[in-house]
Amino acid sequence: MRKARSAISAATVTWSPEKDASGATRAAFTGQKNRPDDFTMLHQHAARLTHRDARQRRRAVRKLFELDDPAALVHFQPLLDSDDGWTQAKATDAYRRWFGSQHEELGKQLVDDSRPEIRLLAAEILPRLGEASRPHLSCLTESPESDVKLQAYTGMVAISGDDLLIVLEQAAVDEHHSVRRLAALRAHALDEEKAKELLSKALKDGHHRVRGAALESIGLLSDVNSFRDSLLPLLNDRRPLLRAEAARILLPLDWERGDHAPLLDILRDPDGEMVRVVTNMLRERDWLAHSEVVEAVKGSQATTLLARLLRGDSSESATSLRTELLSDDSCERMLRLRLLEQLHGKRCTAGELGAAEQLTDSDDELLSQAANSLLEDVAARN
């Protein structure tokens, strides 16, 4: 036995051509004036929606979609209760396609439906009514299903004006992390003080997606200095992507202040995302002028970091460091191989060539081959 559903079928809005002797009533019902032939065709096809033959019913559905007349929506309302999956899906498609301000009553009837998928449909289309949808969307935010609740809050945010803060504050304390994430994502639209309050709490949220949304939102703000203390704990977050995003925001702030301590700590993190963040930040700054940073980079567990930073850098400081690393037998083999490879096709200094010549006699066959290959490349270009 089918479960009891809402009063959709019982409250179906009915209308027939006989009640419409003039075009005036028809225009009031549809919201627009239709040509008589289209009007007649619409009702001919609509009449077949309840035909005993399933092929006739499906043909009627297709014909109504071809007409593309919003007035057809009322005829699809009973089909939401159909046992045929295809028919019910087409009914929901019709709502998504044609629902507008002239169908407010049809939309209201979806809100109290017992089926989550129908209430989700309501939350999706009701914002088209603008301010008139507010009480209905508010009701849907109390739904037990997270997807319905999220869609309802999304609609509330879309129609919000000066009361955006109220909506986001309510969403920020919801039990579902997806709703709290929405609040964090949209918080950047608030004034600075309110945004800071909401986002600082979101950074401490127990769900990583909420913390990530807060970081994303902070990245859109023009001034992020006030978030520094709230961001520091995320440098130790168990999620590598969140650590990297926090570093991307924090490192430029601390560098401008002359505070390299957070960077020195971050350089102990070998995660690939963190390495990319550090590389991008340092390549835009004169990192070679700071000896403590250079030493920290050399001691980093991320073996690719130095090679990335030195790639394409022909400054005196860079060539000096490159020569030092190539000449240092304690330097990791993979780093030296990368440095030799990067010199192919480049103008090498005497120091770099001297280090390469020394490596041709290395007991490490790969290093010896790489050094010889570089020298052959240089000779071929000279």
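The values are calculated or read from the model by the stated rules, or taken from the named source; none is laboratory data. This one's a predicted model, so the numbers in the text were calculated from it and none came from an experiment. Quick reminder, even Gly has a Cβ in these numbers, built from the backbone with ideal geometry, and neighbours come from all protein chains shown.
Candidates in region 51-95 are the residues that are of a type in the set (S, T, N, Q) and touching a residue at least 12 places away in the same chain (Cβ under 8 Å); of these, the one that is surrounded by the most Cβ atoms within 10 Å (Cβ to Cβ) is GLN77. Taking region 309-355 as the range and being assigned to a helix (DSSP H, G or I), among the acidic types (Asp, Glu) and under 38 Å from the mean Cα position of the chain (by Cα) as the test, only GLU341 passes.
Within region 251-296, the set of residues being more than 14 Å from LEU309 (Cα to Cα) and crowded, with 19+ Cβ neighbours inside 10 Å comprises LEU251, TRP255, PRO262, LEU263, ILE266, ASP269. Taking (1) farther than 22 Å from ARG119 by Cα; (2) modelled with pLDDT under 90; (3) polar (S, T, N, Q) in turn, GLN56 satisfies each apart from (2). Within the set LEU234, LEU203, the sole residue that is closer than 22 Å to ASP265 by Cα and assigned by TED's automatic domain parsing to the domain that holds LEU264 turns out to be LEU234. Could you tell me whether region 165-175 includes any residue that is more than 28 Å from ALA261 (Cα to Cα), free of Cβ contacts under 8 Å to residues at least 40 places away in the same chain and polar (S, T, N, Q)? Taking every residue of region 165-175 in turn, at least one turns out to be more than 28 Å from ALA261 (Cα to Cα), free of Cβ contacts under 8 Å to residues at least 40 places away in the same chain and polar (S, T, N, Q). The set of residues from region 325-351 being surrounded by 15 or more Cβ atoms within 10 Å (Cβ to Cβ) and closer than 23 Å to ALA302 by Cα comprises LEU325, LEU326, SER327, CYS331, LEU335, ARG336, LEU337, ARG338, LEU339, LEU340, GLN342, LEU343. Of the candidates ARG228, ARG322, ARG248, the single residue that is surrounded by fewer than 17 Cβ atoms within 10 Å (Cβ to Cβ) and either charged (D, E, K, R) or under 25 Å from LEU182 (Cβ atoms) (or both) is ARG228.
LEU220 falls short on exactly one of the conditions (1) under 16 Å from the mean Cα position of the chain (by Cα); (2) hydrophobic (A, V, I, L, M, F, W, C); (3) modelled with pLDDT of 95 or more, and that condition is (3).
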